[in-house]
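Trainee: My questions will all concern the structure given below.
Every number in this text was worked out from the coordinates using simple rules, so none of it is lab data. Computed from a prediction, not measured in an experiment: that's the story for all the values here. Positions of Cβ are backbone-derived with ideal geometry, glycine not excepted, and every protein chain shown enters the neighbour counts.
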Amino acid sequence: MPLAGLIVGLVAYHTGTETEADERGLVRHLEEFPRPPECLLDLVTTADLTTGPDGEEVDPEQRSTEILRRYSPRMRCTAPCPGLLPIF
């Protein structure tokens, strides 16, 4: 996989996006992007869940709470849904 495709795939598939795409009926659009190897997705998701918006290190529970606060309560991503964000 070329480097550009790998980077695009990592962004497209990180931190529960497959579940979110399914919830929103967007799986076919997500599948337009190359799915990177699981080991790299795990690294990006771990980095996403342990780094705050200002680059500071946070624990995953803090990060999940911060993400949920940014969304309206009516958005699907804030409803309990296995696979979107870890529940602590």
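Trainee: Can you list residue pairs whose Cβ atoms sit under 7 Å apart, with the first residue in the range 57-71 being over 14 Å from residue 46 (Cβ atoms) and the second being surrounded by 12 or more Cβ atoms within 10 Å (Cβ to Cβ) and of a type in the set (Ser, Thr, Tyr)? Count only pairs 6 or more apart in sequence or on different chains.
Mentor: These pairs meet every condition: 68/78; 71/78.
Trainee: Further question: With respect to residue 58, determine if the residue is surrounded by 11 or more Cβ atoms within 10 Å (Cβ to Cβ) and closer than 16 Å to residue 6 by Cα. Spell out how you get there, then give the answer.
Mentor: Values: surrounded by 11 or more Cβ atoms within 10 Å (Cβ to Cβ): yes; closer than 16 Å to residue 6 by Cα: no.
It is false that residue 58 is surrounded by 11 or more Cβ atoms within 10 Å (Cβ to Cβ) and closer than 16 Å to residue 6 by Cα.
Trainee: Let me ask something additional. Mind checking which pairs have a first residue in the range 20-45 that is of a type in the set (A, V, I, L, M, F, W, C) and a second that is assigned to a loop (DSSP other than H, G, I, E, B), Cβ under 6 Å, 6 or more apart or different chains?
Mentor: Final answer for the pair search is 44/14.
Trainee: Which residues, taken from the range 25-57, are part of a loop (DSSP other than H, G, I, E, B) and of a type outside the set (Gly, Ala, Ser)? Talk me through it step by step, then tell me what you get.
Mentor: First pass over the range 25-57, keeping only residues part of a loop (DSSP other than H, G, I, E, B): 25-26, 31-37, 50, 52-56.
26, 31, 32, 33, 34, 35, 36, 37, 50, 53, 54, 56 - these are the residues of the range 25-57 that are part of a loop (DSSP other than H, G, I, E, B) and of a type outside the set (Gly, Ala, Ser).
Trainee: What number of residues within the range 1-10 satisfy the criterion of being in contact (Cβ under 8 Å) with a residue 24 or more places away in the chain and closer than 20 Å to residue 48 by Cβ?
Mentor: Of all residues in the range 1-10, those in contact (Cβ under 8 Å) with a residue 24 or more places away in the chain come to 1, 5-6, 8-10.
This time we only want the ones that are closer than 20 Å to residue 48 by Cβ, so: 5-6, 8-10.
Result for the range 1-10: 5.
Trainee: State all residues of the range 12-24 that are closer than 24 Å to residue 2 by Cβ and not in a loop (DSSP other than H, G, I, E, B); if no residue qualifies, say none. Lay out the reasoning, then the answer.
Mentor: First pass over the range 12-24, keeping only residues closer than 24 Å to residue 2 by Cβ: 12-15, 17-18, 21.
Listed by number, the residues that qualify are 12, 13, 17, 18, 21.
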